[in-house]
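Q: Let me give you the structure first, and then I'll get to my questions.
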């Protein structure tokens, strides 16, 4: 900021205005045949435009939710959390595993399906938020005062680790309706949670903080218990209480795309709307869920005391600490929220596109990161806007140009916008840090 | 310094967890697999371990029984991980079976065959990889006793390895490549650009896409399709077969509404499918492989309201695999049309039936559709080696090319001067109750029952 004030403002602004105008005119000239052809197509079939806008809105809403995870973290510690896309992937896998083990499908009555889906959503958000907090604790916190590049490389490393976790998960057989496996998965978590509560109760007043590796040991013990329990319960009780198991949802190969069972409405079911454009129950589910998530996050950050602490930490970490804000906890909270949103996005995609594959985090992460930059990274409303815009642009490009050009169009528009507004569409609020 | 032990401890614990997770999972895989019908399933790690073990075992066999110490090494390069794994498992098993039938020996024991199963896929990619394939070809070429290269599975991979092997006069026999341009003129400079030394070294025992494109279009016409929308995965094989389908469909009077390449790793294709739905086609044809999101394409096609009774979905051998059904889901995959070059398993002659029985006895399941081609490739290799009886790459190459009226499990066939098989049959499949079932059969330009 200080630099901008020091330099003479007017001539730069004027020069930029001229060059912008020329660039704009040139672009318009180059693309005018394309614009004319698109306009004719729209006039010819306006309903199709409506349909595509809906598709763009739905896909954009999902991208926006993922983008919020990037922007929350960047806004607070100016780190691009490259592992976020993979947290989202793990969210989709958790959804797939829980849905399959519980054998929830479109035939399950809503009175059971609704609460169970909400429960799964809560679990997925908790798991992914927890993973993200763990990543921050072990991979980023020690590097907080290191040169910028160090946590960035660390983030890329974490991304690879998580991708391989997804690959391993894809090779674990998961059978539909395998309730015992679910018991074996949940039991150790409950046991450990109880142990922790009891330990705290009896150690009250001792003021002893559990060291980081203590948590790690707990997690490792829980994982081993889960595996051991799985084998014991599965092969011990399975023979005593036989279950009729469905297919192995992970299929024959670990890296292959998995099919997430349909839970909202089957493909053959009658959609909500057929004219003037097709709107299915799944579209509505995505829009409603994304709307709730986005608005509650926005209200949380803007209206609550903890949200205020987050904004303060984002503005000036040292001053925030002086004001008595627990900076470490606030940063961890940003990661928790980001991870939870990533997990929710994974579940939404799992239910909407019905696919989970271990590389899905990369493409989605790239799109989401782009939209965060487009809207102004660090700005929550900007990320939402950026996500929706990217979704809309992709859909329109698929319709009126060609699918293979979509990425070129998206990134071309990003470049143009960044030329005119280097800090993104709504990016004025960031960059206050010295 | 205080931090170091903590980190060390966490590393050890992490490793221990992975090990703990790995072993029980492995055991449960094998126990569960007895209930799951299908191909021989090992996890990718298990597959790699088996591979290492086999090659080690083969080497020891060669060393102990060879006596005179004359080993001929036969390499295969196939994607041993990812979507194509169930197919390549069958191919590799069939190759091993064929070699074992001759006790891994040729020329009455003068040479011992050492078969090495190379992987041209990486776990990170989940499909074949450029660097891995080139590395495999270079490895085979630099081995002084490496004589024959069986592979590749993907046509794009063959484009890279043919020139490497060509310069070393090493013969290549593919059990699966169907891209026309590898042997016959298609795109600019093809096929000569793959053969830098001017002498052909590439053969394939599988019928190429020129026949498949024709057969698919003919089947579509037979199904009464009037308007079709064509998609491809922007790879050599997918674009090639989709282009041939388009050409043939047009000559048969089917209207081609459009032909587009898709982004293989996209989350969903709902906008593309909304656009296609508006053009109201009778069929969507996808030229490509399962790794490139064939399952998602079909899912989104159904999701935007193109119902199976109105819009059919067809693809070439790239989607005619079990992982396609896993990826798309049983309900959605229902009614998909797929075609594969070659005779269907049930229509193989007595020799073929004997192979199927032997395979099932040995591996406990039927081979996938490319298994017989692996067997045939190994058979041709043995025939050529027996004829030449020398560790001479050029002579072996010429002997393979000279294969005439080979009486194999696919029937009686020859290689033409370009290294293509003279077999011109295509088998059609339809997904029924979550399984690929044999349907019509294409022979000499006609679909028959």
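Here, each number is a calculation from the coordinates, and none is a lab measurement. It should be emphasised that the depicted structure is a prediction, and the values quoted were computed from it without experimental measurement. With ideal geometry, Cβ positions are generated from the backbone for all residues, glycine too; neighbour counts draw on all protein chains shown.
Q: Please check: in the Gaussian network model of chain A (C-alpha springs, under 10 Å), which one of A:159, A:383, A:239 has the largest mean-square fluctuation.
A: The residue that fluctuates most here is A:239.
Q: Along the Cα→Cβ direction, 7 angstrom out, place labels at residue A:78 and residue A:305. What is the inter-label distance in nm?
A: In this crude spin-label approximation the distance works out to 3.0 nm.
Q: Another question, if that's okay. Arrange the following residues from fewest to most other Cβ atoms within 10 Å of their Cβ: B:72, A:417, B:225.
A: If I rank by nearby Cβ atoms, fewest first, I get A:417, B:225, B:72.
Q: Connecting C-alpha atoms closer than 10 Å in a GNM of chain A, tell me which of A:407, A:379, A:59 has the biggest fluctuation.
A: For chain A, modelled as a Gaussian network with Cα springs under 10 Å, the answer is A:407.
Q: Right, here's the next one. Apply 1/(1 + (r/R0)^6) to the Cβ-Cβ distance of residue A:218 and residue A:150, taking R0 = 25 Å, and write down the FRET efficiency to the nearest 0.05.
A: In this case the efficiency is close to 0.35.
Q: If each of residue B:252 and residue B:418 carries a label point 7 Å out from its Cα toward its Cβ, how far apart are those two points in nm?
A: Using points 7 Å along Cα→Cβ, the separation is 2.1 nm.
Q: Would you list B:99, A:93, B:245 from fewest to most Cβ contacts within 10 Å?
A: B:99, A:93, B:245
Q: Per-residue ellipticity at 222 nm for the protein assembly as shown, helices alone: DSSP H runs ≥ 4 residues times -39500 (n - 2.57), over residue total, nearest 500 deg cm²/dmol?
A: Computed mean residue ellipticity for the protein assembly as shown: -19000 deg cm²/dmol.
Q: For region A:109-137 and region B:401-449, what is the separation of their C-alpha centers, rounded to whole Å?
A: After rounding, the separation between the Cα centres reads 51 Å.
Q: Over region B:271-368, what lengths in whole Å, largest first, do the semi-axes of the equivalent ellipsoid take, defined as the square roots of 5 times the eigenvalues of the alpha-carbon gyration tensor?
A: That gives 33, 13, 10 Å for the three semi-axes.
Q: At 7 Å along the Cα-to-beta-carbon direction for both residue B:443 and residue A:421, put a label point, then send me their distance in nm to one decimal.
A: 6.8
Q: Further question on the same structure: Please compute the length gained on full extension between residue A:413 and residue A:107, using 0.36 nm multiplied by the number of residues separating them and subtracting their Cα-Cα distance.
A: This chain segment gains 105.8 nm when fully extended.
Q: For chain A, what does the alpha-carbon gyration tensor say about shape, rounded, prolate or oblate, given a ≥ b ≥ c as the root eigenvalues, a/c under 1.5 as rounded, and a/b over b/c as prolate?
A: It comes out oblate by the Cα gyration axes.
Q: What residue among A:268, A:394, A:355 has the largest mean-square fluctuation in a Gaussian network model of chain A, using Cα springs under 10 Å?
A: Judging by the Gaussian network model, the answer is A:268.
Q: Assuming R0 = 51 Å, what is the FRET efficiency of residue A:37 and residue B:404, from their Cβ-Cβ distance, to the nearest 0.05?
A: 0.35
Q: If we count other beta carbons within 10 Å of each Cβ, what is the order of A:55, B:164, fewest first?
A: The order, fewest Cβ neighbours first, is B:164, A:55.
Q: What is the average number of partner chain Cβ atoms found within 10 Å of a Cβ in B:257-266?
A: Neighbouring Cβ atoms belonging to other protein chains average 4 per residue here.
Q: If one computes the Cα centroid of region A:227-247 and of region A:361-434, what distance in Å separates the two points?
A: A separation of 48 Å, based on Cα centres.
Q: For region B:241-353, calculate the relative contact order in percent as a whole number, restricting contacts to Cα pairs under 8 Å that are 6 or more residues apart.
A: 24
Q: Ok, one more. Multiplying the sequence separation of residue B:366 and residue B:334 by 0.36 nm and subtracting their Cα-Cα distance, what value in nm do you get?
A: Contour length minus the Cα-Cα distance gives 9.4 nm.
Q: Suppose R0 equals 41 Å. What FRET efficiency, 1/(1 + (r/R0)^6) with r the Cβ-Cβ distance, do residue B:265 and residue A:321 give to the nearest 0.05?
A: 0.45
Q: Please work out the C-alpha center-to-center distance from region A:259-285 to region A:34-56 and express it in whole Å.
A: Here the two parts' Cα centres lie 22 Å apart.
Q: Under the classification rounded if a/c is under 1.5, otherwise prolate if a/b is larger than b/c and oblate if not, where does region B:403-449 fall, given a ≥ b ≥ c as square roots of the Cα gyration tensor eigenvalues?
A: prolate
Q: First check a/c for the protein assembly as shown, with a ≥ b ≥ c the square roots of the eigenvalues of its C-alpha gyration tensor; if it is under 1.5, answer rounded, and if not, answer prolate when a/b is larger than b/c or oblate otherwise.
A: Prolate, because a/c is 1.5 or more and a/b exceeds b/c.
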